[in-house]
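The values are calculated or read from the model by the stated rules, or taken from the named source; none is laboratory data. Just so you know, these numbers come straight off a predicted model, no measurement behind them. Ideal geometry is used to build each Cβ from the backbone, glycine not excepted, and the neighbour counts take in all protein chains shown.
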Amino acid sequence: MTFKKIPSINGLRAISIFMVLFHHLEVQHILMWDLSSIKWMIPFVHFIQDGQLGVNVFFVISGFLITTLLLQEEYLTKTVSIKKFFIRRTLRIFPAYFFLLLIYAILQFVGYLNIPMEAWLTAVTYTKYFNWDIDWFTAHAWSLSVEEHFYLLWPCIFILGNVYRKYVVIIILIIVPTLRLLVGLNTYSWFNELTLFARIDAIAMGCFFALYQKQIINLLHGKWLYIFGSSIVALFSLSLVFHYFSNNHIELFLMPIAATIGIIANLAIALLMMYSIFGNKGYWFKMLNLRFFNFIGILSYSIYLWQQLFMIKSEHWYNQFPANIVCILMAALASYYLIEKPFLRLKSRFQSSQK
């Protein structure tokens, strides 16, 4: 299976970016306040605007795809080129991101933005998760820094061999939830729910499902509909349960395993992903592979980058809903076709081929 032939992934990305957008619309514009006042709508509203769950879907997908590509390369060439991996990763992530920062710099120069120097430093160096709350415009780069720090190490671990890579993934899946519980009882400046130390288990979960793909598919064979239903119910329930316990000390114990950024949610995301790719080709599969969902999934990275600029609450027309959504889409289209796509074509030159 090659990257381009994996179905449903862009559809899942589309759902993820919708959740992030709904979350920021609620934070900045209280978009769903009226719906939240309707009692039976509360669970649905809290679920669709769970931005952290949306980001974790991105993380799980990322771990699965990157590891699948490394496994393919290893199968075809009997090795993995770390140099080519970092070139591909750089061409995929850096151009669109630093183009955004360039536009930010221009806007700050003309007096439209005011991003503190410390925020600039962490944005440029991919260390944003250490001070994501300093400003709004670059805050979303925390997720990019988590991913890039993980992928600085993952290919180096991967080339150590099948046993080592599996051990490392399993260790991460054990240690990170434990760490979330231990430090949740205290306060540390270097630890919050958006740091590498609290979120890499989502990426590791995707890696785990790639490494054990054949075994997992065999295990789930004949149980696809049950897996789909259980995963949806689990994610929906976790979002609701954590909301009701958010002002209770039990939150500290729920977060490591049962919050929508916890290991149970990550497992449910991974199972849902497997169903979406390998399961029944029913309504869910058809929906995820509609042209609309596929297109939004393709644009999801650029949408994620540009949404902060237009989501902030202000009196400007382009920051008002729904004009801000139109502006986000237009900026994402420009970013994708002018920046992302040309560099993606260049990236393809560094794909490993069979010897």
- Task: Given the conditions (1) surrounded by 19 or more Cβ atoms within 10 Å (Cβ to Cβ); (2) within 22 Å of the chain's Cα centre (by Cα), report the number of the one that residue 151 does not fulfil.
- Result: (1)
- Hey, residue 83 without any contact (Cβ under 8 Å) to a residue 60 or more places away in the chain, within 27 Å of residue 346 (Cβ to Cβ) and buried (at least 19 other Cβ atoms within 10 Å of the Cβ) or not: no
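For the structure I just gave you, tell me whether residue 68 is modelled with pLDDT of 90 or more, hydroxyl-bearing (Ser, Thr, Tyr), under 30 Å from residue 236 (Cα atoms) and not in a loop (DSSP other than H, G, I, E, B). Step through it out loud before you land on a result.
Details: modelled with pLDDT of 90 or more: yes; hydroxyl-bearing (Ser, Thr, Tyr): yes; under 30 Å from residue 236 (Cα atoms): yes; not in a loop (DSSP other than H, G, I, E, B): yes.
It is true that residue 68 is modelled with pLDDT of 90 or more, hydroxyl-bearing (Ser, Thr, Tyr), under 30 Å from residue 236 (Cα atoms) and not in a loop (DSSP other than H, G, I, E, B).
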- Item | Cross-chain or 6+ apart pairs with Cβ under 6 Å, region 6-26 first and modelled with pLDDT under 95, then outside any helix (DSSP H, G or I) and among the hydroxyl-bearing types (Ser, Thr, Tyr) | none
- Task: List every residue pair whose Cβ atoms sit under 7 Å apart, with the two residues 6 or more apart in sequence or on different chains, where the first one lies in region 292-319 and is of a type in the set (Lys, Arg) and the second, anywhere, is assigned to a helix (DSSP H, G or I).
- Result: 313/28; 313/29; 313/319
- Query: Of the residues 47, 109, which is within 20 Å of the chain's Cα centre (by Cα) and either hydrophobic (A, V, I, L, M, F, W, C) or modelled with pLDDT under 95 (or both)?
  - Reply: 47
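Can you tell me which of 144, 70 is buried (at least 16 other Cβ atoms within 10 Å of the Cβ) and more than 17 Å from residue 304 (Cα to Cα)?
On the way: 144 fails: more than 17 Å from residue 304 (Cα to Cα).
Of the residues listed, the single one that is buried (at least 16 other Cβ atoms within 10 Å of the Cβ) and more than 17 Å from residue 304 (Cα to Cα) is 70.
On the given criteria, is residue 90 polar (S, T, N, Q), surrounded by fewer than 17 Cβ atoms within 10 Å (Cβ to Cβ) and assigned to a loop (DSSP other than H, G, I, E, B)?
On the way: polar (S, T, N, Q): yes; surrounded by fewer than 17 Cβ atoms within 10 Å (Cβ to Cβ): yes; assigned to a loop (DSSP other than H, G, I, E, B): no.
In short, no.
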- Tell me the helices (runs of 4 or more DSSP H) entirely within region 256-331 that contain at least 3 residues that are within 16 Å of the chain's Cα centre (by Cα) and crowded, with 18+ Cβ neighbours inside 10 Å. 263-278, 291-311
- Restricting the search to region 157-185, which residues are crowded, with 18+ Cβ neighbours inside 10 Å, touching an Asp or Glu at 6+ places or on another chain (Cβ under 9 Å) and either of a type in the set (A, V, I, L, M) or modelled with pLDDT of 95 or more (or both)? 158, 172, 173, 176
- Query: Does residue 36 qualify as being among the small types (Gly, Ala, Ser) and at pLDDT below 90?
  - Reply: yes
- Message: Suppose the filter is assigned to a helix (DSSP H, G or I) and closer than 19 Å to residue 53 by Cβ; does residue 167 pass it?
- Response: no
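Quick one: which residue in 198, 204, 210, 123 is surrounded by 17 or more Cβ atoms within 10 Å (Cβ to Cβ), without any contact (Cβ under 8 Å) to a residue 40 or more places away in the chain, of a type in the set (Gly, Ala, Ser) and part of a helix (DSSP H, G or I)?
On the way: 198 fails: without any contact (Cβ under 8 Å) to a residue 40 or more places away in the chain; 204 fails: without any contact (Cβ under 8 Å) to a residue 40 or more places away in the chain; 210 fails: without any contact (Cβ under 8 Å) to a residue 40 or more places away in the chain.
Unique residue meeting the criteria: 123.
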